[in-house]
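The values are calculated or read from the model by the stated rules, or taken from the named source; none is laboratory data. Model, not experiment: these values are computed from the prediction. Quick reminder, even Gly has a Cβ in these numbers, built from the backbone with ideal geometry, and neighbours come from all protein chains shown. These area figures cover heavy atoms from the full protein model, side chains too; ligands, DNA and RNA do not enter into them. Shrake-Rupley method; radii C 1.70, N 1.55, O 1.52, S 1.80 Å.
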Amino acid sequence: MAQTDRLHSFRIRASRADLAAWERAAQGANLNRTAWLRSLASDATAGTRHPGILADEIRAFRRELSACGNNLNQIAHHLNSGGHADPEATLDRLGGLMGEVSDFLHNAHAPKRKGGTRRRRAAG
């Protein structure tokens, strides 16, 4: 066995449900649980991930995407029933949402930059 500089260890208490979820996540990443937890801790200290904050943001993002899907279904129903819509306003809103998705994905994978968050270019 190769010599390692990993001389320190710690214990953490977890519920059975947490442990099972961590095992599934580790398997999904093709890692054992220890390597998976170590990678999360390393990413968090490097500023590339914020597990709790990111999970909350993903939940909020999913809710917003679901609301957008519901709105699209309502628009389709309205148009299929002979109604009319303003395509320019709809395209403007979709462009804004695409910018938000782009910013979310960028911020989820990249460390925070000095001086604040990334700014979206103004539509023009």
Give me the accessible area per residue for region 1-44, probe 1.4 Å, as a whole number in Å².
-> 95
So, over other residues within a Cβ distance under 13 Å of W22, counting Lys, Arg +1 and Asp, Glu -1, the net charge is +3
Label-point separation in nm, T45 to T4, each point 7 Å along Cα→Cβ | 1.4
Sorted peptide list for 19-31, 84-96, criterion being average Cβ within 10 angstrom, highest first = 19-31, 84-96
Return the sequence-ordered ³J(HN,Hα) values of region 32-44 in whole Hz as given by the Karplus equation 6.51 cos²θ - 1.76 cosθ + 1.60 applied to θ = phi - 60°, using x for Gly and Pro.
-> 7, 4, 5, 5, 5, 4, 4, 5, 5, 5, 5, 4, 5
